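**Q** Could you have a look at this structure, given as structure tokens, before my questions?
Values quoted throughout were computed directly from the atomic coordinates according to the rules given, and no laboratory measurement underlies them. Note that this is a predicted model, so its numbers are computed, not measured. Using ideal geometry, Cβ is built from the backbone for each residue, glycine included, and neighbour counts are taken over all protein chains shown.
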Amino acid sequence: MKVIHVAEPIKKDLEKGVNFLREFKKFAMRGNVVELAVGVVVGTAFGKIVTSIVNDILMPPLTPVLGKVDLKNLFITLNGKFYTNVEEARKAGAPVMLIGNFLQQVVEFLIIAFVVFLVVKQINRLTVKSAPTPEGPTTKECPQCFSVIPIKATRCGHCTQPVALPSGLPSQP
């Protein structure tokens, strides 16, 4: 008769759980996952900044210019009847195309896109530009007459001495 200790199945389940946690930790600490998490957090904060710029800075001066225009009240009913507002049409069960709501969303998108453009343009202006990486040499010196010749030359144009191609360049036929 085989005797099974109660602790053995618990120990196996515990090992599975520990392995699962190790695997999850390895996954979560990979560079892409951490970068994605940081990107989401920064993107959320940036979205709040853009929304504040639009609502608190741009819209107050535009409101007197535009007046009390509310595009959300423009709608078309598809049953051919006239309703004074969207709520009345919805209560009557009429199918409604909210043209004004769509136009309002387009206007808000354009304003937000313009603000994002301005912010990104300023951020790009403030970032330090790195120096361009120098390109490789374009000339070399002839070992016989010490004239400067193109780097791809196989013979010197002055003394006709054969010269070797620098490493990394394909040989010419």
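**Q** Report the semi-axes of the equivalent ellipsoid for the range 10-63 in whole Å, largest first, where each axis is √(5λ) for an eigenvalue λ of the Cα gyration tensor.
**A** Value: 47, 11, 4 Å, ordered largest first.
**Q** Scan around residue 140 for amide H atoms under 5 Å from its own, H built in the peptide plane at 1.01 Å from N, and keep only partners 5 or more places away or cross-chain.
**A** Long-range HN contacts for residue 140: 149, 151.
**Q** When the helices in the chain are scored as -39500 (n - 2.57) per DSSP H run of 4 or longer and the sum is shared across all residues, what 222 nm value do you end up with, to the nearest 500 deg cm²/dmol?
**A** When only DSSP H runs of four or more count, the value is -16500 deg cm²/dmol.
**Q** Would you kindly give the portion of the calculated P(r) for the range 70-126 that falls above 13 Å, as a percent of all Cα pairs?
**A** Within the range 70-126, distances greater than 13 Å cover 65 percent of Cα pairs.
**Q** Scanning the chain for helices, which whole DSSP H stretches are 18 Å or more long along the axis (Cα) and average 1.0 or more by Kyte-Doolittle?
**A** 31-52, 99-126
**Q** What lysines does residue 12 reach when the alpha-carbon gap must be under 25 Å and sequence neighbours fewer than 8 apart in one chain are set aside?
**A** Here the lysines satisfying the reach criterion relative to residue 12 are 2, 25, 26.
**Q** Which FRET efficiency value, to the nearest 0.05, is calculated for residue 27 and residue 130 with the Förster distance at 41 angstrom and r the Cβ-Cβ distance?
**A** 0.80
**Q** Stokes-Einstein diffusion coefficient for the chain at 4 °C in a medium of 1.567 mPa s, Rh from the Kirkwood formula over Cα pairs: what value in µm²/s?
**A** It comes out at roughly 50 µm²/s.
**Q** Work from the charge dipole of the chain (Cβ charges, +1 for Lys and Arg, -1 for Asp and Glu, about the Cα centre) and give the residue of 78, 61, 128 farthest towards its positive end.
**A** After comparing all options, I get 128.
**Q** Also: Note down the magnitude of the dipole of the chain about its Cα centre, charges +1 on Lys and Arg C-beta and -1 on Asp and Glu C-beta and zero elsewhere, to the nearest 20 debye.
**A** Dipole size: approximately 400 debye.
**Q** Moving on. Would you mind calculating the relative contact order of the chain from Cα pairs under 8 angstrom and at least 6 residues apart, reporting the percent as a whole number?
**A** With pairs under 8 Å counted, the relative contact order is 11 percent.
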